[in-house]
Amino acid sequence: MKIILATPLMKERRADLQYIPLGLAYLTGALKKAGHEVTILDVRAEKLNDARVIERIKKDPPHIFGVTSNTCQIREAAALLDLVREHFPAVTTVLGGPHVSALPERTLKEQPSIDIGVVGEGEVTAVELCAALENKTGLGGVAGIVYRDGAKIVLTPARPMIADINSIAFPDRDAFPIAIYNSHIIEYKAKPITSVITTRGCPHQCTFCCKSVFGSRQRLRSAGNVIAEMRELIENRHYREIHIIDDNFTFDTARAKAICEEIIARKWNVHFSLPNGVRVNNFDDSLAALMRKAGFYSLWFGVESGDPEVLKRIKKGIQLDQVRKAVATAKRHGFFTGMYFIVGLPGSGPKSEKMSLDLARELEPDVIGVGIFTSYPGSELYNSASASDWAHYRHDFSGHHFTGEQFDEAYILKQFDMLSQKFYFRPAYYISLVRRHGMLGVRRVWINFKNFLFRRLDLQ
């Protein structure tokens with residue numbers, strides 16, 4: 001079958017365009033392995049307008065048009081599928097990703113242009129779905145989908161998570177505009193750069209997190225499987241830097257060390273980064289030293305709040321002393337070190353946000369990332385009563401409305417600005433950053449300035 005897999009156009013932060021959508025790359029690999037012809041239409045990276053989208057599809061119309069979407073993108077994803085339905089009515093439209101996985105039946109009710117939704121992991125489901133469509137055997141036997149049967153919306157039984165994730169074909173990156181993504185990378189030492197994910201699922205219970213796709217049981221690729229993909233990327237594709245975008249790369253420290261030891265043994269002159277947030281309770285001196293020797297230079301810690309009571313309420317499962325120890329260890333070993341915080345968490349208030357600022361200024365990481373709490377579908381804190389308008393879910397915080405129980409928009413944005421500006425608006429901070437990290441620090445200074453200017457002037 002001919003298949004187009006697409007990303008929706010979206011107004012986004014620079015950080016959201018750093019990496020190719022690995023989910024689509026994995027699907028592409030699985031579908032090609034099953035004998036299908038797959039084309040990528042990367043609307044968001046190429047910034048394609050409707051006319052160009054139609055023109056590209058007309059060149060070789062597919063049997064299936066699939067789109068991936070999280071909640072922040074659902075309106076744009078729906079608009080793209082509306083466009084396809086209007087101009088190519090014979091094409092089967094499919095939506096995958098976190099949003100439809102969290103709210104399968106509701107999504108199809110709200111978006112009439114979607115024929116089928118893939119719920120959860122997509123590699124096995126997509127192959128079975130294509131086989132059912134191609135052979136006209138009916139969709140009822142395909143686990144892990146939601147579909148229309150006349151006027152009815154049918155949700156099939158959940159598909160078990162893929163137990164052996166070593167069995168999944170490596171992601172197919174070839175069809176993506178790597179140069180466009182690389183132009184948006186914020187922290188790097190060398191290009192070209194690509195991303196890798198080595199685990200799926202998260203066993204931790206953070207109440208703000210959505211796990212609708214990969215679930216709560218952590219599944220790890222073996223060290224050998226990870227190294228095999230890295231070898232392909234480094235020796236055959238000539239990537240000079242790899243960003244591991246796991247949430248839990250260091251959860252199994254023995255496996256993390258085994259990967260580092262293999263990298264060292266192969267003498268790759270390549271840089272590695274962990275930008276998605278390492279758990280502070282899974283990081284110590286021995287691991288830090290090995291990672292640095294292997295070429296890891298940057299990592300972030302998911303801290304979320306400097307208020308211990310807020311950490312308890314969101315079930316983060318960490319202590320502030322662990323935060324202090326982990327950040328100190330990272331800095332001692334020379335890592336470019338970041339800390340993630342979230343403003344507006346349930347149970348927080350001005351005092352809590354001030355405690356986050358105090359913690360950041362006490363530990364002096366190289367950078368902080370500040371997000372705004374949003375009750376995403378699929379999270380424990382999701383409140384369906386307060387989420388009737390998906391326009392309120394924006395990665396760039398434009399038109400943001402707090403979707404929880406306590407705060408209004410003005411308060412949230414005030415706290416966001418307070419934490420960001422009082423950390424960054426210090427001349428001594430920038431001087432120290434450049435002294436510690438050279439050109440990496442200079443690039444970060446420039447990015448901070450542009451981000452501030454763009455937000456103030458509402459530029460893209």
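Readers should treat all values here as calculations from the given coordinates under stated rules, not as data from a laboratory. Please read these numbers as outputs of a predicted model, since none were measured by experiment. Methodologically, a virtual Cβ is constructed for each residue, glycine included, from the backbone with ideal geometry; neighbour enumeration extends over all protein chains shown.
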Given the candidates Pro21, Ala102, Thr92, the one whose Cα lies deepest towards the positive end of the charge dipole of the stretch 2-155, counting +1 at each Lys or Arg C-beta and -1 at each Asp or Glu C-beta, is Pro21
What trypsin sites (Lys or Arg not before Pro) in the stretch 32-70 are in a loop by DSSP, with at most 15 other Cβ atoms within 10 Å of the Cβ?
-> Lys47
With -39,500 (n - 2.57) per DSSP H segment of 4 or more residues and division by the full residue count of the chain, the 222 nm estimate, nearest 500 deg cm²/dmol, is -12000 deg cm²/dmol
Treating cross-link reach as a plain straight distance, find the aspartates and glutamates whose alpha-carbon is under 20 Å from the alpha-carbon of Lys414, omitting any fewer than eight places away in the same chain.
-> Glu304, Asp307, Glu353, Asp358, Asp396, Glu405, Asp458
Restricting attention to the stretch 169-246, which trypsin sites (Lys or Arg not before Pro) occupy a DSSP loop and are surrounded by at most 13 other Cβ atoms within 10 Å?
-> Arg217, Arg237
Loop-located trypsin sites (Lys or Arg not before Pro) in the stretch 109-164, at most 12 other Cβ atoms within 10 Å (DSSP) | Lys136
Report, in degrees rounded to the nearest 10, the 0 to 90 angle that the Cα long axis of helix 320-332 makes with the longest principal axis of the chain.
-> 80 degrees
Within the stretch 208-249: backbone nitrogen closer than 19 Å to the Trp446 label point (7 Å, Cα to C-beta) | 241
Estimated vicinal HN-Hα couplings, Hz - the stretch 267-282 in sequence order (Karplus 6.51, -1.76, 1.60; Gly, Pro = x) | 6, 6, 8, 9, 9, 10, 9, 10, x, 8, x, 8, 5, 5, 8, 10
Dipole magnitude (debye, nearest 20) for the chain, charges at Cβ of Lys, Arg, Asp, Glu = 1200 debye
Please tell me which of these pairs span more than 27 angstrom C-alpha to C-alpha: Lys211/Lys267; Lys109/Lys136; Lys33/Lys59?
-> Lys211/Lys267
Length gained when the stretch Asn135-Lys351 is fully extended (0.36 nm per residue, less Cα-Cα span) = 71.6 nm
Pairs of Cα atoms under 8 Å, at least six residues apart: use those to get the relative contact order of the chain, whole percent.
-> 13 percent
For Thr68, which sequence-distant residues (separation of 5 or more, or a different chain) have an amide H within less than 5 Å of its own amide H, given hydrogens modelled in the peptide plane?
-> Ala6, Gly96
